[in-house]
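Single-structure report; data block below.
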Amino acid sequence: MTTIPRDQWYVAAYGREIGHDLFSRTICGESILFWRTEAGQLTAMSDRCVHRRFPLSQAPSRLVGDSVVCGYHGFTYGADGACVAVPGQTRVPRTARLRSYPVVEQDSFVWVWIGDPARADATRIPRAPWLVSPDYTTVSGMEPLAARFGLLVDNLLDLSHETYLHGGYIGTPEVASTPITTEVDEAAGIVYVSRHMDDAECPPFYATSTGLTGRIARWQDIEYTPPCLYKLHSRIAPVGSLPNPDGTDPDAFHVEVVYAITPETEHSTHDFWAVARDFALDDTSVSDFIAEQNRTVVLQDVAALDVLEQVIATEPAGYQELSINIDTGGLAARRMLAAMLRQEPATAAAR
Amino acid sequence: MTTIPRDQWYVAAYGREIGHDLFSRTICGESILFWRTEAGQLTAMSDRCVHRRFPLSQAPSRLVGDSVVCGYHGFTYGADGACVAVPGQTRVPRTARLRSYPVVEQDSFVWVWIGDPARADATRIPRAPWLVSPDYTTVSGMEPLAARFGLLVDNLLDLSHETYLHGGYIGTPEVASTPITTEVDEAAGIVYVSRHMDDAECPPFYATSTGLTGRIARWQDIEYTPPCLYKLHSRIAPVGSLPNPDGTDPDAFHVEVVYAITPETEHSTHDFWAVARDFALDDTSVSDFIAEQNRTVVLQDVAALDVLEQVIATEPAGYQELSINIDTGGLAARRMLAAMLRQEPATAAAR
Amino acid sequence: MTTIPRDQWYVAAYGREIGHDLFSRTICGESILFWRTEAGQLTAMSDRCVHRRFPLSQAPSRLVGDSVVCGYHGFTYGADGACVAVPGQTRVPRTARLRSYPVVEQDSFVWVWIGDPARADATRIPRAPWLVSPDYTTVSGMEPLAARFGLLVDNLLDLSHETYLHGGYIGTPEVASTPITTEVDEAAGIVYVSRHMDDAECPPFYATSTGLTGRIARWQDIEYTPPCLYKLHSRIAPVGSLPNPDGTDPDAFHVEVVYAITPETEHSTHDFWAVARDFALDDTSVSDFIAEQNRTVVLQDVAALDVLEQVIATEPAGYQELSINIDTGGLAARRMLAAMLRQEPATAAAR
């Protein structure tokens, strides 16, 4: 039984990953071929030939101009997925067409719609404008996770784990000890989790990147739009400093941490991460430091969640977790994901 | 549900692979032990001891004279599979007997019958006489394939893939562009697929081995006897040259390409290949060239089919291929294989 | 369907393996955390946090004094498995408690009870007193086996395999050729298998360790208490030498070979082995020789049984073995194990 909502937009790649070359990535169990035409148009289609299912991303398959030529028997497809040539005959069967997927490039991400294309509404794609804003500098990456996407949702919705799993990087005692507040906006489909630490130790991640010394005010405001986009609005400031009534906040450092959580299969996930900051915009040493630190933190999560996936694989049916206050956001996210699954037409859920 | 007809002869090995030594190979999911007696008689029997199923091909099991001694508890078997000694008692149970398999050595191959021995009719084994004819020189080998045997049948019945998968070796544009003719002899159980190219580019495989320059007439006449034996009668000649009315064909070069397609398991296959030629019989450089080229071509197929097996493993139930004219031979072969399965007694199909 | 009796004591480790450190081992499919308090008390509890199932043996989980701190979110547990601290709140849920397991340290082993703790009766743990007796010198180890525990039970109950699998170490022709006697004490739950060889070749294992030259009397008296503890009382003496009527046996060398057969999962086993001798007590060269030889012998068994597990994985349902006189002890052991499974309450067998 699947746990993956399919009638949804997912981040498939960074726009920079896809050029005039064949690029394949599995999203929600479907192997999808991405490429750009010579004019730069982004395309997404099934990565298996309609004839004998050879992957079109697999050599000797190749891109010739704006056509994809299958490396097994030469079936040839245009940018819309329609077959334009087959071997041994001039007539091309009308049904010879690759499934094509709606794609949208936005906020540095390539979003793809996996369900029924008729229901693909690009206006519903959540935004992460900092990633392409000139007022921010962003570092980003993607790590493969050998665990179901729900484990990463759990992980990111409950940051108390920073204290234990990421001590020495982004965790300090105050993260685990400070209670959270959780809100769910059912209409907008967003879970909010906030933790405001008024007087906290400054972890190395922020001390080195901001240059702040001494204790800090540290705010963590999470905004998760299931299933894919997670945003952590992180505010770091000297103790006692507050934003101005007009919203300006000159003494604070703002970091927007964005995750895109994309199921690869039922048991593996693409873990996209990006960190945008509004300070030291041109300082490449700060960029390098944040990139290296955040990747290390992501890999600590990956190692832990890969272990959890293995634990689940061997546990008895009906195993029960115990949840406490810190899990309120994660449990709300689970409920929203379960509701998405229930509301899907059977054709979207069926494979 | 199996896709492997069992009441059939399959090539298990080349005769040269089996001597007065224990040799094991899995055929249709059954682990079979082959060896020759001191007098040279070929034998085939189950490769697991009747007592506690230890493999008789596994050290410290060993051949002592014409007896096989199990390396676990010393159960000892003669060339007919009958047990002749057990530990701790002098009486040997009458039922202590390894299953033995009918075997026939013919045309350089060792053929084994997997189904009910009562139905093993050696006269039904298809022939490939060139492989042992003094008028031909043969090179041969076997490559393991991590894919179901049906994928190799598909591959070999549709040679249009030479143009794409084997370009630069045996493929030229004319193979994919020239239509085929297909005939099925239901009584004899043979599928014929022919492609006659009257004016074609000469691929490196033939240019180098024959010394022909310029364009050629190239005939491909396939003769497949399901499930195991595939023969490609390949005729290469200067453009315009035809065989004489009496069948002689002095201006042409003839190559008999033989494949034996033997299921190892439901998802893996022994891919035996042999190339016999009627020219340059004593030229070892030609033999070496053809052997190296053909092995390369086989490994290109292996790489592609191994990928297809993985694709099938992850695809949804009910996935539909699209077939066109070039697939006529392959589809006929599938129908004959399906009919073989339907006609098998339940005892042959059951495992 | 499980083959593992759960309402039983199993050897989990040697006492020496467990200190004031987190030590994890999977027993009967359950991942169990073992450690000693600062006062030396042995504890055993479930190796997964009640919150989000993170393994407590996995870094950055750690032992702090006599508390285990989970490396994911900091749930903290005492030596009795009760949770004493959770993140983000001061109240600890009353149900936050790790399952704890009865443990007993005896005869150098750590025994653990897997089933319902209410039925754990430490007086039923079988004894192997030589392993801690000052009158004996013991070498011991553990080898992981990628095979179901029943295959090791079969192996150890039928020592005729020594002749074939362990020739050159402990096997000689007489082991396989000498008949056995078997007795079953249903009340005590013990299988006895005896083989007394009055005039046998002395294998290298005993020739080198005892210094005996020439032929020997060799007695093998097996005492197996299913499911876990196997003892082989081995007596080596000059031919014709018998124990005195009062039980003293000054001319003989006595070796107590002890195995603890502990299922790790349905298809893997912890193969604990120990060899205690009543001679050359202080001769470390004898200890080193016996340890190296016995480990080699165990690894020969491991290699053979790992192969058998693979053979079973591919064999058809309903495959039938053939058993003879030498298997009487093994078959009796199987019957006792099957009876244990039948007598278990459903709650013990269910997982």
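The values are calculated or read from the model by the stated rules, or taken from the named source; none is laboratory data. It should be emphasised that the depicted structure is a prediction, and the values quoted were computed from it without experimental measurement. Because the Cβ atoms are built from the backbone with ideal geometry, glycine has one as well, and the counts that use them run over all protein chains shown. Protein only, heavy atoms only, side chains kept; ligands, DNA and RNA dropped before computing areas. Shrake-Rupley method; radii C 1.70, N 1.55, O 1.52, S 1.80 Å.
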Practice problem: Give me the Kirkwood hydrodynamic radius of the stretch B:288-351, using the inverse of the mean 1/r over all pairs of distinct Cα atoms, in Å to one decimal. | Solution: 15.3
Quiz item: Roughly speaking, what is the centre-to-centre gap between the stretch A:283-324 and the stretch C:99-160 when only Cα atoms are used, to the nearest Å?
Solution: 37
Quiz prompt | Sulfur and carbon atoms: percent of accessible area, the protein assembly as shown [1.4 Å] | solution = 52
Quiz item: Which residue, C:40, C:330, C:19, has the most motion in a Gaussian network model of chain C that connects Cα atoms within less than 10 Å?
Solution: C:40
Practice problem: Shortest first and in nm with one decimal, please list how far the residue A:313 label point sits from its counterparts in the other copies (point 7 Å along Cα→Cβ). | Solution: 1.3, 1.3
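Would you please calculate the Kirkwood hydrodynamic radius of the stretch C:177-273 over all C-alpha pairs and express it in Å, rounded to one decimal?
Kirkwood hydrodynamic radius for the stretch C:177-273: 15.1 Å.
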Quiz item: How are the C-alpha pair distances of the stretch B:41-92 spread across 5 Å bins, as whole percents from the shortest bin up?
Solution: 5, 23, 36, 25, 9, 2, 0
Quiz prompt | Residues of the stretch B:87-107 buried by at least 20 Å² on assembly (accessible area, 1.4 Å probe, chain alone as reference) | solution = B:87, B:88, B:89, B:93
Practice problem: List the relative contact order of chain C as a percent without decimals, with contacts defined as Cα pairs under 8 Å and 6+ residues apart. | Solution: 19
Exercise. List the distances, in nm and shortest first, from the label point of residue C:214 to the matching label points in every other copy, placing each point 7 Å from Cα along the Cα-to-Cβ direction.
Key: 9.5, 9.5
Exercise. Calculate the dipole size of the stretch C:9-122 relative to its Cα centre from +1 charges on Lys and Arg beta carbons and -1 charges on Asp and Glu beta carbons; express the result in debye to the nearest 20.
Key: 560
Self-check item: Stretchable slack from residue B:251 to residue B:122, in nm (0.36 nm times residue separation minus alpha-carbon distance)
Solution: 42.8 nm
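Please compute the volume of the convex hull spanned by the alpha-carbon atoms of the stretch B:245-296 and report it per residue in Å³.
112
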Quiz item: Computed on alpha carbon atoms, what radius of gyration and Dmax characterise the stretch A:77-194, expressed in Å?
Solution: 22.0, 71
Practice problem: Select from A:26, A:90, A:67 the residue farthest towards the positive end of the dipole of the stretch A:20-132; place +1 on Cβ of Lys and Arg, -1 on Cβ of Asp and Glu, and compute about the Cα centre. | Solution: A:90
Self-check item: the stretch A:1-20-the stretch B:55-94 distance, computed between alpha-carbon centres (Å)
Solution: 60
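Give me the dipole magnitude in Debye, nearest 20, for the stretch B:112-170 about the Cα centre, with unit charges on the beta carbon: positive for Lys and Arg, negative for Asp and Glu.
The dipole magnitude comes to about 180 debye.
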Quiz item: Based on the Cβ-Cβ distance of residue A:296 and residue C:317, what FRET efficiency does E = 1/(1 + (r/R0)^6) give at R0 = 45 Å, to the nearest 0.05?
Solution: 0.35
Quiz item: In bins 10 Å wide, starting from 0, what share of all Cα pairs of the stretch A:214-340 does each bin hold, as a percent?
Solution: 10, 30, 35, 18, 7, 1
Exercise. Report, as a whole number in µm² per second, the diffusion coefficient that Stokes-Einstein gives for the stretch A:9-122 at 20 °C and 1.002 mPa s using the Kirkwood radius over alpha carbon pairs.
Key: 150
Quiz item: Computed over the Cα atoms of the protein assembly as shown, what is the convex hull's projected area averaged over all directions, in nm²?
Solution: 53.2
Exercise. For chain A, with a Gaussian network of springs between Cα atoms less than 10 Å apart, report the residue from A:138, A:37, A:95 with the top mean-square fluctuation.
Key: A:95
Exercise. Name the residues of the stretch B:31-55, by number, that are at least 10 Å² less accessible with every protein chain in place than in the isolated chain; the surface is that of heavy atoms, probe 1.4 Å, without ligands or nucleic acids.
Key: B:48, B:50, B:51, B:52, B:53, B:54, B:55
Quiz item: Which parts of the stretch A:284-320, residue by residue, lose 10 Å² or more of accessible area when the rest of the protein chains are there, as against the chain isolated (1.4 Å probe)?
Solution: A:304, A:307, A:308, A:311, A:312, A:314, A:315, A:316, A:319
Practice problem: Kindly point out, ordered by number, any Cys in chain B whose beta-carbon has no other cysteine beta-carbon under 4.7 Å away. | Solution: B:28, B:83, B:202, B:228
Quiz item: In Å², nearest 100, what accessible area do chains A and B bury in total when the solvent probe is 1.4 Å?
Solution: 2400
Exercise. Determine the per residue accessible area of the stretch C:9-122 with all protein chains present and a 1.4 angstrom probe, expressed in square angstrom.
Key: 36
Quiz item: Roughly how many Å² is the accessible area per residue of the stretch A:129-346, as a whole number, for a 1.4 Å probe?
Solution: 40
Practice problem: Quick one: which residues, 5+ away or cross-chain, put their amide H under 5 Å from the amide H of residue C:32? H built at 1.01 Å from N. | Solution: C:25, C:26, C:27, C:47
Quiz item: Between copies, how far does the label point of residue C:94 sit from its twins, in nm, shortest first, when each point is 7 Å from Cα along Cα→Cβ?
Solution: 7.2, 7.2
Practice problem: Point me to the residue of chain C whose C-beta lies closest to the C-onto-A rotation axis, rounding the distance to whole angstrom. | Solution: C:313, 10
Quiz item: Put +1 on the Cβ of each Lys and Arg and -1 on the Cβ of each Asp and Glu in chain B; which of B:128, B:140, B:118 then has its Cα farthest toward the positive end of the dipole?
Solution: B:118
Quiz prompt | residue B:82 paired with residue A:244, simple spin-label distance in nm, labels 7 Å along Cα-to-beta-carbon | solution = 10.5
Exercise. Give the value in nm², to one decimal: projected area of the alpha carbon convex hull of the stretch B:108-253, averaged over all directions.
Key: 10.9
Self-check item: Degrees between helix A:328-343 axis and first principal axis of chain A (Cα, 0 to 90, nearest 10)
Solution: 20
Quiz prompt | Evaluated over chain A, the Cα radius of gyration and Dmax, each in Å | solution = 22.3, 77
